[in-house]
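Have a look at this one before I ask anything.
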Amino acid sequence: MNGLMMQRQLLISDLLTHAERHHGAQEIVSRRTEGDIHRYTFRDLAARSRRLAAALAELGVEPGTRVATLAWNGYRHLELYYAVSGSGAVLHTLNPRLHADQLEWIVADADDRVLFFDLTFLPLIEELAPRLRGVRHLVLMADREHLPDRPGRLLAYEDLVAAHDDGHRWPEFDESTASSLCYTSGTTGNPKGVLYSHRSTVLHTYAVALPDSVGLSARDTVLPIVPMFHVNAWGLPYAACMVGAKVVFPGPDLDGRSLHELQEAEGVTVSASVPTVWQGQLEHMREHGLTFTTLERAVIGGAACPPAMLRELEETHGVTVVHGWGMTETSPFGTASTLKGKHLDATPDERHTVQGKQGRCVFGMDLEIVDDSGRALPWDGRTAGHLMARGPWVVSRYFGRTDEDPLRDGWFPTGDIATIDADGYMQITDRSKDVIKSGGEWISSIDLENIAMGHPDVSMAACIGARHPKWDERPLLIVVPRPGATMSPADLLALFDGKVAKWWTPDDVVFVDAIPMGATGKMLKAPLRERFGDHLTEARTTPAPPRPGP
Ligand code: ADP
């Protein structure tokens, strides 16, 4: 017997319609590439998105057509989020930090037909345009005045919006229709496209907004620093419409000073970004003796949040850290490290230990850890295994590769190594390709990096497995010191005493000026392994490590 309730499809356009009808006067503030601050409301967003949708139809965008963006976080990008997906077309957010050759490859793989881009990227587009053969229209996200003297096939965004009225009606279609496309970063092999649906996106949006996730509400002001080209800014552009939160977009300026000024000027309560961006912001604040007056929650994900950062945000600034884990293949929200009732009486140190983990699932997402043969491992907080994920917003097939099945027994192998404790808190010990294998045992590079980051003179730390004649690999710590730092390798290595088993202590420390960063603001370990992989065999400074093993 079927239930007798309405069968309304879960559509992205309904998030916008809801925001317009129920939070029409709520504000969206954007720092623009043009250099000024732009303000309007959800009502304006909805009207302009409808006009843009009418323009897209005129440009030949049909259901399923891929429409690419190369843009910072701003209101026009948000209009595209809704106009493209709302029309039944597919929004493909490109990462401008990728190399031009990679962009060309991804645009061709996605078969993008229209490309919208911010003013910043005009030189890049002028260089790339001849190589983007499938792209029929290139649209500069600004007004006509900003078009170059000889625009060629370039269109101006504001012309498109101005040429239509806002009477467009959002089409209704099946909720499993594709809505947006994101490519993985492709640190191993070519990037792969993950194709989200309206249903997966709306369910993911509920999950992001829940109190044990970001806990977003109509009383919040949210600053998505995480780019809208990095897994849909972790779903925040959708969640803001779902709950009616004020939105603040930072545009291209992601340095500590610009972010802090914006947070303070706009009364931001929730800010979200990867640890390296938080690091830049905290360094700026330390240097200038600043604090936050309105920020309540710091959402940190994409890479492990070092415990020292968690402590600084919580203890110095009174900001609650929501440490989250996810990946392109999980839309991306997977877990958040929010506390349970049992932790309310815990000491700050005990609470920080829980919050430092990558967190637990909200309903919809499920995780397990398995051994090499796929057998489920215990949730004891100690046993590490391959992390598997499943849920209605987890990938089932990659775009254009539907003949390959990435799943194992219905679970998606994340490529991460993790433990899960009895309360369901998951902790990533490594990506499987970064784990350090010493004498047949695994050493967690993240644990070692977190300890090194606790030293006040360390700005950034990466730990890699360097080749070793006896133990195959031994941990090598690579450190970017803060300006004026005076620490020695011995000072740093002393930090590990009593914090990890003796044989986990890195064999050596090298100081560098910078650590290579990937397009999504994460440390790239492959080039470090290339550069320093032979450091221990070459340097021969290695003391024989204590016997590895439990
Ligand atoms: P990529 O890094 O390949 O671009 P994603 O942006 O999808 O792809 O990153 C997903 C990966 O980032 C995860 O599989 C995990 O290794 C890492 N990651 C994400 N969040 C965290 C976190 N809080 N702690 C540690 N690692 C994380």
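Every number in this text was worked out from the coordinates using simple rules, so none of it is lab data. Since we're looking at a predicted model, the values are computed, not measured. We place every Cβ from the backbone using ideal geometry, glycine too, and count neighbours over all the protein chains shown.
Tilt of helix 256-266 relative to the longest C-alpha principal axis of the chain, in degrees (0 to 90, nearest 10)?
So the helix axis and the longest Cα principal axis differ by about 50 degrees.
Another one. Where both partners of a DSSP beta bridge lie in the chain, what percent of those bridges are antiparallel, to the nearest 5?
The answer is about 55 percent antiparallel.
Follow-up. What order do you get for Trp393, Trp170 when you list them from fewest to most C-beta neighbours inside 10 Å?
With the sparsest Cβ surroundings first, the list reads Trp170, Trp393.
Let me ask something additional. Considering the options Val222, Val243, Ser179, tell which one lies farthest towards the positive end of the dipole of the range 171-273, charges being +1 on Lys and Arg and -1 on Asp and Glu at the Cβ, about the Cα centre.
So the residue we want is Ser179.
Sort Phe42, Phe333, Phe412 by Cβ crowding within 10 Å, fewest neighbours at the top.
Phe412, Phe42, Phe333
To the nearest 10 degrees, how steep is helix 12-23 against the longest Cα principal axis of the chain, on a 0 to 90 scale?
Approximately 80 degrees, to the nearest 10.
So how do 96-106, 207-217 stack up, highest first, on mean other-Cβ count within 10 Å?
Peptide ranking by packing, descending: 207-217, 96-106.
Going by how many other beta carbons lie within 10 Å of each one, how would you line up Phe229, Phe511, Phe292, Phe363, fewest first?
Phe363, Phe511, Phe292, Phe229
Could you pull out every residue, at least 5 positions away or on a different chain, whose amide H is within less than 5 Å of the one on Leu377? Hs are placed 1.01 Å off N in the peptide plane, and Pro or chain starts have none.
Those qualifying (amide H under 5 Å, at least 5 residues apart or on another chain) are Ile369, Val370, Asp371.
Pairs of Cα atoms under 8 Å, at least six residues apart: use those to get the relative contact order of the chain, whole percent.
Relative contact order for the chain comes out at 10 percent.
Okay, next question. When the helix-only estimate is applied to the chain (DSSP H runs of n ≥ 4, each -39,500 (n - 2.57), divided by the residue count), what is the mean residue ellipticity at 222 nm, nearest 500 deg cm²/dmol?
Taken over the chain, the calculation gives -8000 deg cm²/dmol.
Using Cα atoms only, what is the angle between the long axis of helix 42-58 and the major principal axis of the chain, expressed in degrees (0 to 90) to the nearest 10?
With both axes taken from Cα atoms, the answer is about 70 degrees.
If you don't mind, there's one more thing I want to ask. Might you report the magnitude of the Cβ-based charge dipole of the range 328-404 about its Cα centre, with Lys and Arg at +1 and Asp and Glu at -1, to the nearest 20 debye?
Here the size comes out at about 220 debye.
In terms of modelled amide H atoms, which long-range or inter-chain residues lie less than 5 Å from the amide H of Val299?
Ser271, Ala272, Ser273, Val322
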